[in-house]
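Down below is the structure, laid out as structure tokens.
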Amino acid sequence: MSQYAPPAPLCHVNPLMGSDSHVNYSNGNTYPAITRPWGMTAWTILNAEDPWFFEYHSNRFRGIRATHQPSPWLRDYGHFLVTPLVGRWCDHPQHVVYPYDIDQQDIHPHVMGINLPSIKTTMELLPTERCSMMRLTLPTDEQSGVRLQTYPGQTTFQFDSAKNRLIGKTTANNGAVPKNFALYFVIESDCPIQNILSMDTTGQLTAITEPIEGEALTAVLRFTDHDQASIHLRFATSFISEEQALRNMDRELGDRDFDTLVKQSADAWNQLLSRIEIQSDDVTRTQTFYTCLYRCLLFPRKFYELDAQDQPQHYSPYDGEIHPGIMHTDNGFWDTYRTLYPLLTVLCPEILGQMLQGWLYAYKQGGWLPKWACPGHLYCMIGTHAASVLADAAVKGIGGFDQQLALEAMLKDATVIPGDSGEDGLGRRGLAEYLKLGYVASDKSSHSVARTLDFAYNDYCIAELASYLGQDDLAKQYHQQAKNYRHVYDTSVDFMRAKNSDGSWVEPFDEFAWSRDYIEGGPWQSSWMVPHDPQGLIELMGGHAKAAAKLEQMMTMEPVFHESDYKREIHEMTEMAMADFGQYAQSNQPVHHVLSFFTEAGQPQRTHHWVHKVLTEMYQPTADGFPGDEDNGEMSAWYVLNALGFFPLCPGKPEYHLVAPLFEKAVIHLENGNDWIIQRKQNMQSNTVTINDQAHDDWKIKHQTIVEGGTIQFQ
Ligand code: CA
């Protein structure tokens, strides 16, 4: 039973999908994010310990957390916890835990309702982009209040009794922020607050009469004795200032009531979700689809706020200054370039242009394009894949960002040795050898094979953008460099293999070893990383028949792995073994483009077969429904794209591979007003495709064809 069952398609979204996850096994590593599309602050349930603070099976409710956590592996920043207090808990709020049953709660992206029977209280919360409103329905015959708790970092609290407000700030973070970083917040109550008390570590309560400051503070707001059954709390957040937090509250909440805001919140989601219409009797697939689509609209989150003149401005997590313009953050490019951004090029090119300009502000403010932003530069994963995202959007004709500056930023990654400027971890590690030898040498750098392959693909992206901008000599140079993947393919073992700086292969070779020369995978998962030259790779592998046979073997062989340099079984290994799809580890990104290689090897039917199997067997709209880390929309975008019948084998090329779609009919309502209609005949053999009733003799399609609208039919 849902009090808030919203109109379709939002009603199909299950924010709990993927939340039944643990440090050693990921079914998504998600938490229910109650927020607006790309909302700056999300609100969720806390019932466990950081950073896996939401555990699906835990029945110990501890509060609502304001969060910015993109992944438990990166942890949170600017977070705080709010917990209702009733009766004796008002005087002893130190270890508050209420029993609750997650399956009995009302959890949607646009609102959640939590029933806490042990204190006869209902807690409802609706989000706006930067604020939220909470409605507490409390017993009237007992003392009541709320507890607000911050996390390690400097906190200040100030009580404005005239306005029933607690104003505060927290510097809680896990790195990747400038020294002056803080989240400013305001809580305002429509029920008079008797007093605000601060609690020390022993649980002792002291009234706050003057501003207080300290580490990880706890405040208790006690409502006056009242007969008000419903209390509304208004929350505001800002990364800029207290004044800006109040401005955000005024603009986003104003004097609107709870129910009006719930409807607005539902509309905001449906406006985007309904850009794709699905026709299907299969409820499970429809739920999976829209839940995945919801996950594609969370990251990179908005990190800007509107000033008094309604102009966007942002606190820079790179230089600590306030700058004009739109910025988004919380995104790892190693993951998201593959599927999430290509989906956005079709679904919402306008906001994509704004995101990309934001990444260029990051380059201006922080000296480099981000690799992982959370919220500032984080030195994590490999490759310089912002190049892929920027080139892909440019060659597809998407505007709104400075393409010349994008090329400059990409060239810095490709030419400046990062260690020299004291910023090892940004740019390309191993670049000196890569430029000299054509590959990253195993005796000089970690992840040498994976880095070589990523750099070669990134060079291709540079070449494509240079060519698009008419810089032909540069394009030629980088197209040449994009062939560097050949240096690490060893035809004697038929895999990508690590090489030393003297040109010798690293011994011994083990096709199952997830060694330090690859990343989160081994030779089987990593050897296909040539999205920009699939025919070149297939040729190295001995031609179409041999490549197709190798792919088939990969899908069906034993999921053997050797821990090798990891020295322990990492969760991606376990997930691959449990999935029973051979060496094809859908649990993680390295294989996410691999099924397109069947088509490249002349076997499109095998692409359709395996994609369909992955879509229907590895994704479910349930708490254990993702095959591995969801990773900021990437795992979900893989599903959405394949379900809709097109997949970007090589972002940076304005084209997609066609794949038999999941639904008999789907319509993409494009931003330009055109519709792209996807139809699949029942019992389809997918031997033929027509576009606008014309035979289409290719398993590829141009981005432009989709943008112009029309009907594609698989029969
Ligand atoms: Ca991953």
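The values are calculated or read from the model by the stated rules, or taken from the named source; none is laboratory data. Note that this is a predicted model, so its numbers are computed, not measured. Cβ atoms come from the backbone with ideal geometry, glycine included; neighbour counts cover every protein chain shown. Just so you know, the surface numbers come from the protein's heavy atoms only, side chains and all, with ligands and any DNA or RNA stripped out. Shrake-Rupley method; radii C 1.70, N 1.55, O 1.52, S 1.80 Å.
General remarks:
- Checking each residue in the stretch 674-697 for being without any contact (Cβ under 8 Å) to a residue 24 or more places away in the chain and surrounded by fewer than 15 Cβ atoms within 10 Å (Cβ to Cβ) picks out Gln682, Asn683, Asn692, Asp693, Gln694, Ala695, Asp697.
- Among the residues making up the stretch 270-306, those that are part of a loop (DSSP other than H, G, I, E, B) and closer than 21 Å to Leu356 by Cα are Cys296, Leu297, Leu298, Phe299, Pro300, Phe303, Tyr304.
- Taken over the stretch 339-373, the residue count meeting the criterion of being touching a Ser or Thr at 6+ places or on another chain (Cβ under 8 Å), within 27 Å of Val594 (Cα to Cα) and open to solvent by 10 Å² or more (accessible area, probe 1.4 Å) is 1.
- In the set (1) within 24 Å of the chain's Cα centre (by Cα); (2) buried (at least 17 other Cβ atoms within 10 Å of the Cβ), the condition left unmet by Lys499 is number (1).
- Helices (runs of 4 or more DSSP H) contained in the stretch 421-495 and holding at least 2 residues in the same structural domain as Ala547 (by TED's automatic domain parsing) and buried (at least 23 other Cβ atoms within 10 Å of the Cβ): 448-468
- Test for Gln620: is it modelled with pLDDT of 95 or more and either outside the structural domain of Asp517 (by TED's automatic domain parsing) or within 13 Å of the ligand (Cβ to nearest atom) (or both): no
- The set of residues in the stretch 619-640 being farther than 12 Å from His592 by Cα and among the hydrophobic types (A, V, I, L, M, F, W, C) consists of Ala623, Phe626, Val640.
- Residue within the stretch 537-544 that is open to solvent by 10 Å² or more (accessible area, probe 1.4 Å) and within 16 Å of the ligand (Cβ to nearest atom) present: no
- Here Pro312, Pro317 are screened, and the one residue that is in contact with a Pro (Cβ under 8 Å, 6 or more places away or on another chain), of a type outside the set (Val, Ile, Thr), closer than 23 Å to Gln357 by Cβ and surrounded by 17 or more Cβ atoms within 10 Å (Cβ to Cβ) is Pro317.
- If the condition is being assigned to a strand (DSSP E or B) and without any contact (Cβ under 8 Å) to a residue 60 or more places away in the chain, then the stretch 36-58 contributes Thr44, Leu46.
- Residue-level analysis places Phe663 among those that are away from the ligand (no atom under 16 Å from the Cβ) and of a type in the set (Phe, Trp, Tyr).
- In the condition set (1) open to solvent by 10 Å² or more (accessible area, probe 1.4 Å); (2) touching an Asp or Glu at 6+ places or on another chain (Cβ under 7 Å); (3) hydroxyl-bearing (Ser, Thr, Tyr), Ser58 is compliant with all but (2).
- Meets criteria (of a type outside the set (Phe, Trp, Tyr) and in contact (Cβ under 8 Å) with a residue 60 or more places away in the chain) for Val488: no
- Selected residue (only one of Arg65, Arg88 is outside any loop (DSSP other than H, G, I, E, B), at pLDDT below 95 and outside the structural domain of Phe333 (by TED's automatic domain parsing)): Arg88
- Residues of the stretch 547-558 that turn out to be within 22 Å of Thr491 (Cα to Cα) and loosely packed, with under 15 Cβ neighbours inside 10 Å, as a count: 3
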